[in-house]
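**Q** What follows is a structure written as structure tokens; I'll ask about it next.
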Amino acid sequence: MSIADRIKAKRAEQERGVVDVAEWGEGGEPLRLFFTPICARDIENVQRKYKNFLSEPSMSAMVELIIRKAEDADGKSVFTLEDKTVLMGESVGTIAATFGAIFDATSAEDHVKN
């Protein structure tokens, strides 16, 4: 097994993070979103559109990262870019808290160092 294959296998074993978003739930239960750790590909994709993403993340960039990372319990994406308009209408606090839970697993400083 090559080193790259071992890295890929370890990545597949990583635990997903979870964030409960009360504002998006129903029946008194929050919406539970799952996410995998942010990787270099995620940062590159968002930075193509938002050049200062790591130093000055805009709300639009935060929403795009949420769209990119949010999954259901089965690992399926829960949002598409078509949902961006709806998410941009949400409160700043809800977007910031959701983004923070996803992004907090690895800080911007760690991305810059690596």
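**Q** Within region 1-44, count every residue that is touching a residue at least 12 places away in the same chain (Cβ under 8 Å) and among the hydroxyl-bearing types (S, T, Y).
**A** Within region 1-44, residues that are touching a residue at least 12 places away in the same chain (Cβ under 8 Å) and among the hydroxyl-bearing types (S, T, Y) number 1.
**Q** Being surrounded by 12 or more Cβ atoms within 10 Å (Cβ to Cβ) and either in contact with a Cys (Cβ under 9 Å, 6 or more places away or on another chain) or assigned to a helix (DSSP H, G or I) (or both) is the filter here; which residues of region 74-99 pass it? Talk me through it step by step, then tell me what you get.
**A** The initial filter retains those residues of region 74-99 that are surrounded by 12 or more Cβ atoms within 10 Å (Cβ to Cβ), namely 77-79, 83-84, 87-88, 90, 94-99.
Within region 74-99, D83, K84, L87, M88, T94, I95, A96, A97, T98, F99 meet the criteria.
**Q** Report those helices (runs of 4 or more DSSP H) wholly inside region 1-73 carrying at least 1 residues which are of a type outside the set (A, V, I, L, M, F, W, C), over 11 Å from the mean Cα position of the chain (by Cα) and over 28 Å from S91 (Cβ atoms). Explain how you work it out, then say what you get.
**A** Details: elements: 3-13, 40-49, 59-69.
Filter on region 1-73 gives 3-13, 40-49.
**Q** List pairs: first in region 73-99 and more than 14 Å from A61 (Cβ to Cβ) and touching a residue at least 12 places away in the same chain (Cβ under 8 Å), second of a type outside the set (D, E, K, R) and not in a helix (DSSP H, G or I), Cβ under 7 Å, 6+ apart or cross-chain?
**A** Pairs that qualify, where the first residue is more than 14 Å from A61 (Cβ to Cβ) and touching a residue at least 12 places away in the same chain (Cβ under 8 Å) and the partner is of a type outside the set (D, E, K, R) and not in a helix (DSSP H, G or I), are A73/F34; V78/L33; V78/A70; F79/A70; T94/V21.
**Q** Turning to a different aspect of this structure: In region 77-90, what count of residues is obtained for those that are within 23 Å of A22 (Cβ to Cβ) and over 13 Å from the mean Cα position of the chain (by Cα)?
**A** 8
Since every read-out is calculated from the coordinates, none of them should be taken as a lab result. For clarity, every value in this text was computed on a predicted model and none was experimentally measured. When we count neighbours, we look across all protein chains shown, and the Cβ atoms used for this are built from the backbone with ideal geometry, even at glycine.
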